[in-house]
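Values quoted throughout were computed directly from the atomic coordinates according to the rules given, and no laboratory measurement underlies them. Small disclaimer: the values here were computed from a predicted structure and weren't measured. When we count neighbours, we look across all protein chains shown, and the Cβ atoms used for this are built from the backbone with ideal geometry, even at glycine.
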Amino acid sequence: MNRSRDVTALAIFGVFLVAVPFIKSDYLFNAILIPFIAVSLAALGLNILAGYAGQVSLGSAAFMAIGAFSTYDLLLYVPHLPFLVALPGAGLITAVAGLVFGLPGLRLRGFYLAISTLAAQFFVQWVFTTFPWFQGGDTSGVITAPPIFIDGFQVSTPVERYLLALAVAAILTVFAIALVRSRVGQSFLAVRDNELAAKVLGINVLKIKLIACAISGFYIGIAGALWAYLYVRTIEPAGYDLDHSFQILFVIILGGLASIRGAFLGAAFLVVLPLLLSRGGAALLGPNFDSGYVDLAEKIILGALIILFLRLEPQGLSALLARFSLNRKATT
Amino acid sequence: MDWSFLIGVVISGLLAGVMYSLVAIGFVLIYKTSGVLNFAQGSMLLFAALTFVSLHEEGLPFWIAFVLTLAIMVLLGVLIEKIVLRPLINQPPITLFMATLGLSYIIEGGAQFVWGTQVHQLDLGIADVPLPLNSILISQFDIFCAGVAGAIVAVLGVVLQYTRVGLAFRAAAFDQYAALNTGLRLPRIWAITWGVAGFIALVGGLLWGARTGVQFSLSLVVLKSLPVLVVGGFDSIIGAIVGGLLVGLTETLMEVYVGPFIGGGIDQWIAYALALAFLLIKPTGLFGQRSVERV
């Protein structure tokens with residue numbers, strides 16, 4: 001991780017790629033780098049909706065679950081479908097789900113989207129637990145993610161899985177950068193900062209919000225598929241709970257709202273924090289160390305950091321890291 | 001159709017709704033005066049119940065433990081207002097909401113750090129036994145809860161309507177700038193509001209805790225109350241009551257008559273389905289005042 005600490009934004013990908021032959025430990029790929037990429041992508045998706053367009057969603061984990069299950073079901077029920085087609089397909093399905101749950105909440109400003117996405121959070125988890133069809137009719141146990149084949153080549157070792165995740169992340173990041181600089185991306189900011197003014201400028205506010213919702217869903221769905229297929233390697237509804245949704249939200253608050261690299265910085269922080277805490281706790285307290293306290297300590301620290309960042313550095317780690325660089329006009 | 005069964009279901013649904021209302025009132029009070037949707041209300045409830053139970057288990061008598069916990073809750077509420085929210089004044093509502101989300105993590109973690117993570121039993125001395133009433137069974141405990149909620153609403157109503165503090169509260173809720181201009185000290189009103197919300201969290205925590213045991217999941221009642229706010233309207237105490245009753249009723253009816261046909265467990269989301277229906281049809285909720293946020 002040290003290798004990449006000070007590298008930001010796109011340059012990160014080059015470094016992450018070049019770094020591969022030097023990383024000898026599978027643990028680093030399995031436990032840190034792969035979840036880091038998946039979380040970053042989900043955070044990127046949420047940031048498009050919450051950071052840029054100003055619409056806070058509390059259902060990210062549900063949309064990740066939709067992405068994971070859509071990939072699984074597409075591959076299961078559509079014969080001969082390549083993984084690289086199923087993946088964006090799952091993204092599209094998640095985008096549609098995002099629209100369905102976004103519509104009731106997006107007509108108004110404020111907390112309403114938070115509540116309609118909470119609805120998604122509970123409803124989606126219920127659907128996947130209740131109806132066995134989504135798990136291929138089998139509810140007897142946890143489903144192991146089927147092997148991934150790309151043009152006949154099986155992606156199985158940690159390095160291969162990591163490279164696949166990295167490639168997907170690179171493509172989506174480039175697209176996100178282009179998006180936020182585009183007219184649509186600028187409209188996101190206009191809608192976030194002042195809906196009335198945006199409307200006066202001729203922006204179709206509801207349409208812009210729905211576009212943000214759909215694109216965000218696409219990203220989060222793909223992130224969920226990567227999470228399921230490359231990281232946990234099981235297809236199950238457990239794990240995509242409300243806490244997970246909050247974590248993604250915390251990633252973008254800490255990393256920086258309305259910032260592409262913020263999603264990556266925040267994700268790196270959130271993936272590493274629990275590891276640091278448990279290592280640090282074990283080193284400090286020795287054998288008396290109770291891992292239950294790590295979870296509590298992590299909660300308290302996270303909560304405190306959220307409040308501190310909202311108060312002192314609303315632009316997050318991203319702004320902390322590069323104060324000198326001309327950031328987007330300070331808003332919010 | 002078994003009418004007495006239906007009536008029993010309706011009554012137990014309404015009584016379950018009272019419990020939701022009780023939590024929702026805490027939300028509405030804070031939202032009305034300061035525009036903050038306090039996600040930490042659920043963790044305040046957990047904190048209050050845990051503190052009370054732990055003090056009580058230490059051997060303190062009921063009332064002393066109650067008063068002590070109340071003092072802690074009021075202090076906590078005032079501190080939250082001072083330390084967390086005051087510096088964020090004039091920030092968009094969503095920022096304030098996210099701050100209370102962080103706050104709920106601190107309170108949940110802190111409460112369990114101090115008092116431990118095990119489940120505590122809480123006995124308020126009111127048996128949770130069914131009371132036969134004309135062949136309809138109603139829990140004695142539910143009736144007690146309804147009584148407590150009713151009393152709180154009545155006291156709140158009287159205080160808001162007939163006292164100076166209540167008048168100041170209504171002025172602040174009606175128009176902050178105008179209230180400030182007439183010389184009202186908004187920070188003091190906010191502090192009082194947070195104190196009262198702490199009290200309501202304590203009462204809610206005790207009632208919920210007696211029913212489900214005092215444990216972490218207590219803080220999740222916040223999630224049951226958000227749909228209540230949508231249904232009733234974010235800024236209406238009456239709305240919180242009616243919304244709570246409606247949510248409780250819908251949940252129980254659907255669970256009994258629809259749930260078995262679609263796999264059960266629908267209580268996880270049925271309140272939210274109701275909230276979504278309201279968002280589509282009547283976005284301000286039943287008693288919500290303004291729709292000026294709509295552009």
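Sorted fewest first by neighbouring Cβ atoms within 10 angstrom, A:184, A:96, B:36, A:168 come out as A:96, A:184, A:168, B:36.
The charge dipole of chain B, taken about its Cα centre with unit charges on the Cβ of Lys, Arg, Asp and Glu (plus for the first two, minus for the last two), comes to roughly 1080 debye.
Ranked for footprinting exposure by Cβ neighbours inside 10 Å, fewest first, B:33, A:157 give A:157, B:33.
At R0 = 25 Å, how high is the FRET efficiency between residue B:140 and residue B:113 if r is their beta carbon distance? Nearest 0.05 is fine.
0.10
When the GluC sites (Glu not before Pro) in the stretch B:10-92 are filtered for DSSP coil states and for at most 13 other beta-carbon atoms within 10 Å of their beta-carbon, the remaining sites are B:58. In this simple spin-label approximation, residue A:186 and residue A:273 carry label points 7 Å from Cα along the Cα→Cβ vector, and these lie 3.6 nm apart. Residue-wise HN-Hα couplings along the stretch B:84-98, as the Karplus relation 6.51 cos²θ - 1.76 cosθ + 1.60 with θ = phi - 60° gives them from phi, are 8, 8, 4, x, 9, 4, 6, 7, x, x, 5, 5, 4, 4, 5 Hz; Gly and Pro carry x. Less than 5 angstrom separates the built amide H of residue A:145 from those of A:234, A:235, all sequence-distant by 5 or more or on a different chain. Across the cross-link table entries A:207/B:224; A:199/B:224; A:209/B:224, which are compared at the Cα atoms, the separations over 32 Å belong to A:199/B:224. On the beta carbon distance between residue A:282 and residue A:154, with R0 = 30 Å, the FRET formula returns roughly 0.20.
What is the mean number of Cβ atoms from other protein chains located within 10 Å of the Cβ atom of each residue in peptide B:87-97, rounded to a whole number?
4
With one equal scatterer per alpha carbon and no solvent term, the Debye-computed log10 I(q)/I(0) for the protein assembly as shown at 0.06, 0.08, 0.12 1/Å reads -0.33, -0.60, -1.33.
Averaged across A:121-131, how many Cβ atoms of other chains sit within 10 Å of each residue's Cβ atom?
Going residue by residue through A:121-131 and averaging, the value is 4.
Each residue in B:115, B:269, B:63, A:227 was given a count of other beta-carbon atoms within 10 angstrom of its own, and listing them fewest first yields B:63, B:115, B:269, A:227. Peptide B:205-217 has a mean shielding of 0, counted as Cβ atoms of other protein chains within 10 Å of each residue's Cβ. Dividing the helix sum by the residues of chain A, where each DSSP H run of 4 or more adds -39500 (n - 2.57), gives a mean residue ellipticity at 222 nm of -21500 deg cm²/dmol. Annotation: extensible slack from residue A:81 through residue A:131 equals 15.7 nm (criterion: 0.36 nm per residue apart, minus Cα-Cα distance). Summarised in one figure, the compactness ratio Rg/Rh of chain B, Cα atoms and Kirkwood Rh, is 0.97. Karplus-based coupling profile of the stretch B:220-230, in residue order and whole Hz: 7, 4, 4, 6, 7, 8, 4, x, 4, 5, 5, with θ = phi - 60° in 6.51 cos²θ - 1.76 cosθ + 1.60 and x standing for Gly or Pro.
Distances between placed amide hydrogens fall under 5 Å for residue B:138 paired with B:131, B:133, all partners being 5 or more residues away or on another chain. Here the simple spin-label model places points 7 Å from the Cα toward Cβ, and for residue B:253 and residue B:90 these points are separated by 4.8 nm.
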